[in-house]
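The values are calculated or read from the model by the stated rules, or taken from the named source; none is laboratory data. Only a predicted model underlies this, so the values are computations on that prediction, with no experimental measurement involved. Don't worry about glycine lacking a Cβ; one is built from the backbone with ideal geometry, like all the others, and counts go over all protein chains shown.
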């Protein structure tokens, strides 16, 4: 059934000639409709990340605040596979928010994003070493790979 779905998607010409094959691959893999919860306090950036993830084929729940992210997680807990959060936000840090999400939903994968380099954030104690991380600004291709890696990581 999945093969037929993929063949149908390809036959509808979702392939754009300028887009790398890797992005097509990501888009097809996302067809299992993985839901991603995004927490970002910058509204234009939240909108852009949401649009990029939707273009890649993911279902997206978008939250402007940590409290909104918690509410969305409570309402959609069984659907959310990945939580993508900014590291530095008002109200609660992304790290504290991720810890809370993990305690409530142990199977949820976490991907952090920040405009600061990972080395600075870990040095300041805002994130642990070895977490899934993407530095802003990022391309759709980079986001696709980071999301895929975070979802697959054990």
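Things to note:
- The one condition in (1) modelled with pLDDT of 95 or more; (2) crowded, with 16+ Cβ neighbours inside 10 Å that residue 67 fails to fulfil: (2)
- Yes/no for residue 30 being touching a strand residue (DSSP E or B) at 6+ places or on another chain (Cβ under 8 Å) and either surrounded by 15 or more Cβ atoms within 10 Å (Cβ to Cβ) or modelled with pLDDT of 95 or more (or both): no
- For segment 81-154, the helices (runs of 4 or more DSSP H) that sit wholly inside it and include 2 or more residues that are modelled with pLDDT of 90 or more, in contact with a helix residue (DSSP H, G or I) (Cβ under 9 Å, 6 or more places away or on another chain) and closer than 16 Å to residue 41 by Cβ are 94-104.
- Residues that are without any contact (Cβ under 8 Å) to a residue 40 or more places away in the chain and within 13 Å of the chain's Cα centre (by Cα) within segment 109-119 comprise 111, 112, 114, listed in sequence order.
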